[in-house]
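Written out below as structure tokens is the structure these notes cover.
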Amino acid sequence: MKAAVVRAPGRAPLYEEFPEPVAAPGERGISVTASAISRTTKSRAAGKHYAAPGSVPFVVGVDGVGRLENGTRVYFALPRAPYGGMAERTVVPESRCVPLPPGLDDVTAAAIANPGISSWAVLTERAELRPGETVLINGATGTAGRLAVQVSKQLGAGKVIATGRNPAALAAVAQLGADETVSLVGELSELDRALERQFAGRVDVVLDYLWGKSAERLLVAAARASGEGVPVRYVEIGSASGADLSLPSEVLRASAILLMGSGTGSVPVPRLLDAASRLFDAAAAGHWQVPVRVVPLSEVAAAWSAEEGGPRIVLTVAPPTAGRAAGPDG
């Protein structure tokens, strides 16, 4: 079969032949139709992710959309190594297959799955968002952050605050439901004052896709403003701005900040897949706005090197099912 194959750690995948998968007891063979390139997929392929495959060669792709042997359309997650989502066929434990609602097309499902499940699971499982609460999303201008704004509103957030560096992207996020925006560009003193004003008005949950320096400023601002011991549930999801930060110890001692992370292992897989099912139902009933660029699997090498921050790239193996558009660029 044809697949996107990594032959050495750190190298981009190539479109080439790979042995056909054979399903073992408890597994399902899947004919893949679509699989999205995500930051997690790239990190695992480069051997930098904590859940990266242990040996080469392997097929890239942590998830995707396809057909079971009986024709059922499903979203699948975490195929059995060395197989992945970016191939003509893959093999997945049966428990990691989620049937898709008829109103949701393959490309949209593949595009929203990884970032959408992340924010849905974070808000319901880790942060335990309650209706009417305020959510601040650090790094809201990427695909995951844009979806997090929309998911936060879907789940009942009373107010959503979005941070980012790109003015045009921040304006676009406001159109998706962000009530207020904070630019991360400019003098640090101005940023600190802007963040402290937001926390003084009460922030209940922070979803952080950036980490690094912006997280330092956020945590310090939260500590300064949480004088009455109101807990701020701070969830680290991604590290686009850096893997480390330097944090004064008194930030945690002198505040009611609850600092936690969300990723593979923080939420049991069955609950992640339950979040996926609810996300897909909501997507079929409404309209998540996710810019998407559709690329044939055969062009994976060129798509892999595309600059991040643009439309979400979805690799298609076969003509995707008809359905409503994934977004303005879909």
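Every test in (1) more than 23 Å from Thr134 (Cβ to Cβ); (2) free of Cβ contacts under 8 Å to residues at least 24 places away in the same chain is passed by Glu190 save one, and that test is (1).
Within segment 11-37, residues that are assigned by TED's automatic domain parsing to the domain that holds Ala302 have Cβ atoms under 6 Å from residues that are of a type in the set (Phe, Trp, Tyr) and assigned to a loop (DSSP other than H, G, I, E, B) in these pairs: Pro21/Tyr83, counting only partners at least 6 apart in sequence or on another chain. Of the set (1) out of contact with any strand residue (DSSP E or B) (no Cβ under 8 Å at 6 or more places or on another chain); (2) within 22 Å of Thr264 (Cα to Cα); (3) assigned to a loop (DSSP other than H, G, I, E, B), all apply to Pro19 but (2). When Ala148, Ala171, Ala144, Ala140 are checked against the criterion of being surrounded by fewer than 18 Cβ atoms within 10 Å (Cβ to Cβ) and either outside the structural domain of Thr41 (by TED's automatic domain parsing) or among the hydrophobic types (A, V, I, L, M, F, W, C) (or both), a single residue qualifies: Ala171.
Of the set (1) touching a residue at least 40 places away in the same chain (Cβ under 8 Å); (2) out of contact with any Phe, Trp or Tyr (no Cβ under 7 Å at 6 or more places or on another chain), all apply to Pro131 but (1). Of the residues Val269, Val295, the single one that is touching a strand residue (DSSP E or B) at 6+ places or on another chain (Cβ under 7 Å), of a type in the set (A, V, I, L, M, F, W, C) and surrounded by 14 or more Cβ atoms within 10 Å (Cβ to Cβ) is Val295. Considering only segment 134-149, I want to know if a residue exists there that is more than 17 Å from the chain's Cα centre (by Cα), in a loop (DSSP other than H, G, I, E, B) and of a type in the set (Gly, Ala, Ser). So far as segment 134-149 goes, no, none of its residues is more than 17 Å from the chain's Cα centre (by Cα), in a loop (DSSP other than H, G, I, E, B) and of a type in the set (Gly, Ala, Ser).
When restricted to residues that are assigned to a helix (DSSP H, G or I), of a type in the set (S, T, N, Q) and farther than 22 Å from Leu78 by Cβ, segment 257-299 contains 1.
On the stretch given as segment 138-154, residues that are within 20 Å of Ala36 (Cβ to Cβ) and either free of Cβ contacts under 8 Å to residues at least 60 places away in the same chain or touching a strand residue (DSSP E or B) at 6+ places or on another chain (Cβ under 6 Å) (or both) total 6.
Does segment 224-246 contain at least one residue that is farther than 25 Å from Ala157 by Cα, touching a helix residue (DSSP H, G or I) at 6+ places or on another chain (Cβ under 9 Å) and surrounded by 14 or more Cβ atoms within 10 Å (Cβ to Cβ)? Yes; the residues of segment 224-246 include at least one that is farther than 25 Å from Ala157 by Cα, touching a helix residue (DSSP H, G or I) at 6+ places or on another chain (Cβ under 9 Å) and surrounded by 14 or more Cβ atoms within 10 Å (Cβ to Cβ). When Arg130 is tested against the conditions (1) in a loop (DSSP other than H, G, I, E, B); (2) modelled with pLDDT under 95, the lone failure is (2).
Every condition in (1) over 28 Å from Val173 (Cα atoms); (2) in contact with an Asp or Glu (Cβ under 7 Å, 6 or more places away or on another chain) is met by Val292 except one, and the failing one is (1). The set of residues in segment 202-216 being closer than 21 Å to Asp179 by Cα and among the charged types (D, E, K, R) consists of Arg202, Asp204, Asp208.
The values are calculated or read from the model by the stated rules, or taken from the named source; none is laboratory data. Small disclaimer: the values here were computed from a predicted structure and weren't measured. Heads up, the Cβs are rebuilt from the backbone with ideal geometry, glycines too, and the neighbour counts pull from every protein chain shown.
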